[in-house]
Amino acid sequence: MRLKRVAAFAVAAALLSAIAVLAVGARPSAPAAKPTPGGAPGPSRIVILFDVDMLRADRLGTYGYSRPTSPRLDRMLADGLVAEHAIASAGWTLPAHASMFSSLPVSAHGVRTALQKVPANVPLLAEVLTRAGVRCLGIQQGGYVDEGFGFARGFDRYLFTTDPVAFEVQGALRFIDQSGPGPLFLFLHTVQVHNFQATERGARAVFGSTAPLGPRWTKSFEELEKTRASNGDARITSWLSARYDAATREVDESLGELIAGLEARRLWDRTAVVFTSDHGEELGERPLRVGGSAPAHGHTIPYLYEEHIRVPLALRAPWRKDLRGRIAQPVSSLDVAPTILDLFDVAIPPGMTGVPLGRPQPAGRVVVSEATPYGAVALLEGSHKLILRPGFRARSWETGAWLDGLPSQECFDLGRDPGERRPVSCKEPWAEKLIDAAEAYVASSFPGELVFRAEPHGG
């Protein structure tokens with residue numbers, strides 16, 4: 001069940017590809033951007049938001065993964081700050097990025113479907129930075145972060161590319177070379193992992209060969225899915241998981257090239273990197289079948305389990321010695337924009353609801369993720385988690401499958417059951433408190449309206 005394959009973007013890709021090639025570099029190889037001779041001063045301060053679409057936290061070494069998918073990231077974060085439990089505000093790209101850039105929950109910005117864009121009256125991160133004198137540049141791979149959804153607001157340049165992440169990194173270094181003095185914010189978004197776009201370099205670094213990726217591993221996700229009947233669910237799931245890991249390692253190799261490029265320019269000591277993702281991905285771990293489909297993978301059905309909504313969120317900022325170690329308390333992707341503003345010493349607008357990483361978190365903070373457009377929500381306070389899904393029958397707006405195979409209400413103690421395999425009673429006092437918070441969240445989506453509570457049915 002995939003969410004992001006939207007044919008309409010093919011036209012935009014064709015129109016913008018020429019711009020992208022000029023800005024990011026042309027295939028078939030990614031020539032390294034050359035440092036400015038003599039190591040010219042360059043930007044006074046650089047903050048890079050490195051956004052890896054659909055990357056799960058638990059597939060990275062810094063979050064305990066056993067496969068070597070992220071050695072360069074792990075090394076960078078050894079001198080940084082890692083949020084152990086960061087939750088995406090939404091389960092797919094458009095609403096998740098609307099929250100990431102606005103620091104508003106879905107209930108406030110209202111972007112829930114692919115027919116919407118970020119409202120013009122919602123201030124975005126780049127707009128706030130630009131007003132403060134920070135130059136904002138972006139390289140993104142389209143889809144639901146395309147400028148047509150409002151995300152280019154505030155950026156001096158916001159370029160689209162279909163090139164792999166290695167080319168994006170070289171384009172980012174060229175942006176930095178051309179940016180001149182003054183502070184610089186760089187948004188770097190890649191769908192390398194989202195598209196299961198494994199490389200031989202990534203596969204050999206993780207597995208020693210390309211064999212675990214399965215046959216014809218360079219073909220698209222859709223081509224692999226067509227072979228499910230002949231290869232079986234287990235083999236397809238194994239190949240997908242391996243391709244996911246190899247693509248993650250390719251991103252990590254490219255991050256290493258970005259760091260090396262900044263070091264060569266003598267800019268690494270004045271560069272902060274905020275590393276995150278918009279949402280995770282189910283990779284067939286659960287036996288649940290919905291509407292007769294294969295064991296669920298993707299991120300379109302309102303799972304809201306940890307593999308779907310727990311994302312990496314970590315940073316390295318050399319001028320902030322206080323930003324070291326690990327944050328145990330749950331945080332939110334709403335915290336990304338305030339964190340970046342804080343790194344630039346820019347005042348956080350009062351409408352933003354997130355908290356900068358490293359600053360005191362409110363006591364008893366409840367973190368929310370919404371599975372749009374289904375109205376399902378997950379709430380997390382400490383190690384306690386509640387998932388509420390619609391109690392009525394609903395169809396997936398993409399596949400048409402019925403979604404009532406999922407329980408309408410689930411509660412978990414993640415401290416004892418981090419894999420969410422053993423639900424606990426939702427009659428516990430902490431669960432009832434989260435149910436009340438969930439109802440308040442839903443009601444906040446309809447200001448001035450009378451909202452009735454309906455008793456859920458189903459499992």
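Throughout, read-outs are computed from the coordinates displayed, never taken from laboratory work. These figures come from a predicted structure and were not determined experimentally. All Cβ positions, glycine included, derive from the backbone under ideal geometry; neighbour counts span all protein chains shown.
Quick notes
- Cross-link partners of LYS321 among aspartates and glutamates (Cα-Cα below 13 Å; sequence separation of 8 or more within a chain): ASP79, ASP269
- Distance between the C-alpha centres of the stretch 352-370 and the stretch 182-230: 33 Å, rounded to the whole angstrom.
- Segment VAL442-ARG416, extension gain: residue separation times 0.36 nm, minus the distance between their alpha carbons: 6.5 nm
- For LEU60, the residues 5 or more places off, or on other chains, whose built amide H falls under 5 Å of its own are TYR65.
- R0 of 56 Å, Cβ-Cβ distance ALA211-VAL424: FRET efficiency to nearest 0.05: 0.85
- One decimal place: the segment SER383-ARG359 gains 6.6 nm when fully extended, by the rule 0.36 nm per residue minus the C-alpha distance.
- Working from label points 7 Å from Cα in the Cα-to-Cβ sense, the ASP233 to GLU432 distance is 3.8 nm.
- With a Förster radius of 35 Å applied to the beta-carbon distance between LEU115 and GLU223, the computed FRET efficiency rounds to 0.75.
- The distance between label points at ARG204 and ASP322 comes to 4.6 nm (points 7 Å beyond Cα on the Cα→Cβ vector).
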